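The structure appears below as structure tokens.
Just so you know, all these numbers are worked out from the coordinates, no wet-lab data involved. Keep in mind that this is a model prediction, so the values were computed, not measured. Here the Cβ is made from the backbone with ideal geometry for all residues, glycine too, and neighbour counts use every protein chain on show.
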Amino acid sequence: MTQRQTPIRPLASLALLAGFTLAATGCAERRGGPYPSLLPRPIESRGDAEPVVAPVALEPDPALDRRITEIGATISTAQKDFATAAARAETLTKAAQGQAVGSDRWLDAQTALAELDVFRATTSAALTDLEDATMARAAEGKPPYPSLEAARGAAQAELDMQTAKIGALQASMPAA
């Protein structure tokens, strides 16, 4: 028994071949010649660099300058008082070394260390005032103020020095 081909099979094959040919030629369409363009594509011509920001003109702020000067004077006074009290505390902590906890010399050294904390607290409060001023400027969208930043850095350095000095003196004392 022989099978006869139906006319549908050759037509389906022909349609499939025509569809493939159209798809292949559609993807390979060439515009402006047989070769692809060597011109840069739009994505290749854009820069990835950060945009240049024009510097903002810094306006003098006399009120802030006055406040920085006042806070600087407070820090300077606290620094001098701390240095005097630290010399006294150092003498008293050396005298308290080897003494029993609760002895008169130990109590005198602890009192001197407590006085140092008062001066450190003054420096810390001044630093907080400077940081508040920095945050207020930032909240207003103003650029950093150089003298404010310098004063804040100096106050932070002074506070760090005072904290380290107190820590060293406390470490030399017998623990309670």
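The figures follow:
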item: Met161-Leu64 FRET efficiency (beta carbon distance; Förster radius 35 Å; 0.05 resolution); result: 0.85
item: Positive-end extreme of charge dipole, the stretch 27-176 - chosen from Ala164, Ala176, Gly72 (charges on Cβ); result: Ala164
item: Karplus 3J(HN,Hα) series, Hz, for the stretch 120-136 with 6.51 cos²θ - 1.76 cosθ + 1.60 (x for Gly, Pro); result: 5, 5, 5, 5, 5, 5, 5, 4, 4, 4, 5, 5, 4, 5, 5, 5, 5
item: Stretchable slack from Ala83 to Arg46, in nm (0.36 nm times residue separation minus alpha-carbon distance); result: 7.4 nm
item: J(HN,Hα) series, the stretch 94-111, from Karplus relation 6.51 cos²θ - 1.76 cosθ + 1.60, nearest Hz, glycine and proline x; result: 5, 5, 7, 5, x, 8, 6, 5, x, 6, 4, 5, 5, 5, 4, 5, 5, 5
item: Approximate shape of the stretch 82-176 as ellipsoid semi-axes (Cα gyration tensor, √5λ), whole Å, largest first; result: 37, 10, 9
item: HN-Hα J in Hz across the stretch 166-176 - Karplus 6.51, -1.76, 1.60, θ = phi - 60°, x for Gly and Pro; result: 5, x, 5, 5, 5, 5, 7, 8, x, 6, 7
item: Those lysines that a straight Cα-Cα span of less than 26 Å connects to Lys80, excepting residues fewer than 8 apart in one chain; result: Lys94, Lys165
item: Nitroxide proxy distance, nm - points 7 Å out along Cα→Cβ at Leu38 and Gln170; result: 7.4 nm
